[in-house]
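Worksheet: the structure to be examined is printed underneath.
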Amino acid sequence: MNNNDNKVENIVNSDDAKQTIEEMLKKLDSKALTSEGKIKTYKIDESYSKVNPMGGIDIKIVINNNEKLVLETTLNKYSDDKGYKHGALGMTQELDSLLN
């Protein structure tokens, strides 16, 4: 693992990133991460996480431990903001169906 991989892993596992991801999931499912939510759990696929050449870090989030329920986005940190912001969301058709 090179130094860049360590940096990506540290960012992806940071409290700021976790907060951003959980807020994003709660916008998709207001009861996310509760027993009543459609999104019960999530994990970041660290093998996918990488620096985006346009800025930020690309991440892949697996929902409910189901490899068919996947959300992809980019985490960005802007100098004037605290924490991270997520970029455009891409999701599998299965996740879209679960949420709608």
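The values are calculated or read from the model by the stated rules, or taken from the named source; none is laboratory data. Just so we're clear, the structure is a prediction, and the values are computed from it rather than from any experiment. Accessible surface is based on the protein model in full, side chains and every heavy atom, while ligands, DNA and RNA are left aside. Shrake-Rupley method; radii C 1.70, N 1.55, O 1.52, S 1.80 Å.
A few points about this structure:
- Every helix of 4 or more DSSP H residues in the chain counts as -39500 (n - 2.57), and over all residues that averages to -9000 deg cm²/dmol at 222 nm.
- Angle between the chain longest axis and helix 15-28 axis [Cα atoms, degrees, rounded to 10]: 30
- Taking only the C-alpha atoms of the chain, Rg followed by Dmax gives 13.4, 41 Å.
- Links that overshoot a 26 Å alpha carbon limit, given the list K7/K40; K7/K31; K27/K50; K38/K60: K7/K40; K7/K31
- Counting only protein chain heavy atoms and rolling a 1.4 Å probe, the accessible areas of Y78, Y84 rank, largest first, as Y78, Y84.
- Per-q log10 I(q)/I(0), region 7-49, q = 0.23, 0.25 Å⁻¹ (Debye; single scatterer per alpha-carbon; no solvent): -0.79, -0.87
- Acute angle (nearest 10 degrees) that the helix 3-12 long axis makes with the longest principal axis of the chain, alpha-carbon atoms: 40
- Full-stretch length increase - Y78, Y48 - with 0.36 nm per residue and alpha-carbon distance subtracted: 8.6 nm
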